[in-house]
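Trainee: Structure below; questions to follow.
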Amino acid sequence: EVVRITPTGEQLGLHDANMRVVATIVRKKFISEMDLLRLRMALLAARMSADSTFLVNKEPPGYSSKLGRLAELLDDLFDEEGRKVIVFSEWTTMLNLIEPLLEERKLHFVRLDGDVPQKKRPEIVHEFQTNPACKLILMTNAGATGLNLQAANTVINVDLPWNPAVLEQR
């Protein structure tokens, strides 16, 4: 199910500002190395702003319509018995913003991202797979590579990866 979420005005403003940079660069007859770098950064910032303004500018409070909708979705999902959820985001900062939502709901969860040492990963996966109290695992793509998390019955993609094959793997 695809859930389209309208961005806040702040998110839209940040997105539009970055897309103006993109438009300026792509109209040029020749693109320099610096232009290419600016283009990549503007596209990335536009993508990140769809999650939260905090990902782009690191300024609190950070505006995010996705976090509000995710909170509602989690409430609905965990009203059901036996729910096991994987929440994916491309960015660890977004996972940091999601964690308080889980803590407010007193949901037992684990987290697996690129910062987790290789030796600790099997322990985290085992906790999610076997502990009925562990309802959710937060993940980035870096943490998910090569894992089989068949205990999950729900996958939430907070943001979509660039690569469609990664989405299919999820």
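The values are calculated or read from the model by the stated rules, or taken from the named source; none is laboratory data. Values in this document were obtained by computation on a predicted structure and should not be read as measured data. Don't worry about glycine lacking a Cβ; one is built from the backbone with ideal geometry, like all the others, and counts go over all protein chains shown. These accessible areas exclude ligands, DNA and RNA; they are computed on the full protein's heavy atoms, side chains included. Shrake-Rupley method; radii C 1.70, N 1.55, O 1.52, S 1.80 Å.
Trainee: So, in segment 17-48, how many residues would count as being charged (D, E, K, R), open to solvent by 60 Å² or more (accessible area, probe 1.4 Å) and in a helix (DSSP H, G or I)?
Mentor: Going through segment 17-48 one residue at a time, the tally reaches 4.
Trainee: Checking the conditions here, which among E127, E90 is among the charged types (D, E, K, R), surrounded by 13 or more Cβ atoms within 10 Å (Cβ to Cβ), in a loop (DSSP other than H, G, I, E, B) and at negative phi?
Mentor: None of the others qualify; the one that does is E90.
Trainee: Okay, next question. Got a sec? Which of D79, D51 is of a type outside the set (A, V, I, L, M, F, W, C), open to solvent by less than 40 Å² (accessible area, probe 1.4 Å) and not in a helix (DSSP H, G or I)?
Mentor: One residue alone meets the criteria, D51.
Trainee: Could you list all residues from segment 142-170 that are touching a residue at least 40 places away in the same chain (Cβ under 8 Å), of a type outside the set (D, E, K, R) and open to solvent by less than 40 Å² (accessible area, probe 1.4 Å)?
Mentor: Matches in segment 142-170: A144, L149, A151, A152, T154, I156, V158, P161.
Trainee: From the list K119, K135, K106, pick out the single residue that is basic (K, R), out of contact with any Pro (no Cβ under 8 Å at 6 or more places or on another chain) and touching a residue at least 40 places away in the same chain (Cβ under 8 Å).
Mentor: Among K119, K135, K106, only K135 is basic (K, R), out of contact with any Pro (no Cβ under 8 Å at 6 or more places or on another chain) and touching a residue at least 40 places away in the same chain (Cβ under 8 Å).
Trainee: Moving on. Let me spell it out: the conditions are (1) at pLDDT 85 or above; (2) assigned to a helix (DSSP H, G or I); (3) of a type outside the set (G, A, S); (4) in contact with a strand residue (DSSP E or B) (Cβ under 8 Å, 6 or more places away or on another chain), and L167 meets all of them except one. Which number is the exception?
Mentor: It fails just one condition, (1).
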